[in-house]
Every structure is written in C-alpha cells, then in structure tokens.
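Where a number appears in this text, it was derived from the coordinates with a stated rule and is not lab data. This one's a predicted model, so the numbers in the text were calculated from it and none came from an experiment. Positions of Cβ are backbone-derived with ideal geometry, glycine not excepted, and every protein chain shown enters the neighbour counts.
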Amino acid sequence: MGRMEERLKKAIAKTAQDAKKKVQELSINPKSSKYVAPHRHCVICYIPIAIESEPPICTDSSCSEKHASKERSRKRLNIMLYLFPAIAIMLFLLPLFT
C-alpha cells in the first residue's frame, strides 16, 4: 500500500470519528439549536413521524393506500417466489416417479 493511500485512510478515519463525536454532542443536548429529536420517516412521502408509529407511514390517507398496495404486492411476490420453483421441481420429479 502506498503512502498516499495510508494518509487517505487515516484522514477518512479521523473525519468519521470527528463526525461521530459531533453527532453525539448534538443528540445529547436538546437545547442545542441543531438538536433533532429521535424520529423515523414515512416510507411513502418521507416526512418525519414518531418512532413508535407502526406501520411506518404518516396519517395521510394516500400514504396508507399506497402502503397497503405495496404490502399486497410484496406478499404476492413472496408467494410467487416460492410457488413457481416448487411447481418446476414437481414437474421435473413427476416423470421420475411414473
């Protein structure tokens, strides 16, 4: 490894460490002007919501409709991912047993 690479790695590690310290300082002091309360974001529109909200969507009706649609689609995809290979295996094994 070259000298330049070593210097670059050290600089990256130092910057990451400094950033981590700064974030810890800001997150500890709620009176700081840069303090951000712990939160999560709506998976549809990305606005801040409470950490406890489950499912992780805001109160907007369009977000809840989109989330429900995505969940149905995800479940359908999971079923297909297991069902189609199972059918293919059965079709392959069926001639062996007859």
Practice item. Report the one residue of T59, A16, Y35 whose Cα lies farthest in the direction of the positive end of the charge dipole of the chain (charges on C-beta: Lys and Arg +1, Asp and Glu -1; origin at the Cα centre). Key: A16
Check your understanding: For the stretch 27-78, what is the charge dipole size about the Cα centre, in debye to the nearest 20, if Lys and Arg each add +1 at the Cβ and Asp and Glu each add -1 at the Cβ?
Key -> 220
Check your understanding: So how strong a dipole does the chain carry about its Cα centre when Lys and Arg Cβ are +1 and Asp and Glu Cβ are -1, to the nearest 20 debye?
Key -> 520
Review point. In the stretch 30-75, if every C-alpha pair distance is counted and binned at 10 Å from zero, what percent goes to each bin?
Key: 27, 43, 21, 9, 2
Study note, to complete from the structure: Quick calc of log₁₀ I(q)/I(0), the chain, Debye, one scatterer on every Cα, no solvent, q values 0.11 1/Å, result -0.72
**Study point:** Normalised alpha carbon radius of gyration of the stretch 1-45 [divisor 2.2 N^0.38 Å]
**Key:** 1.76
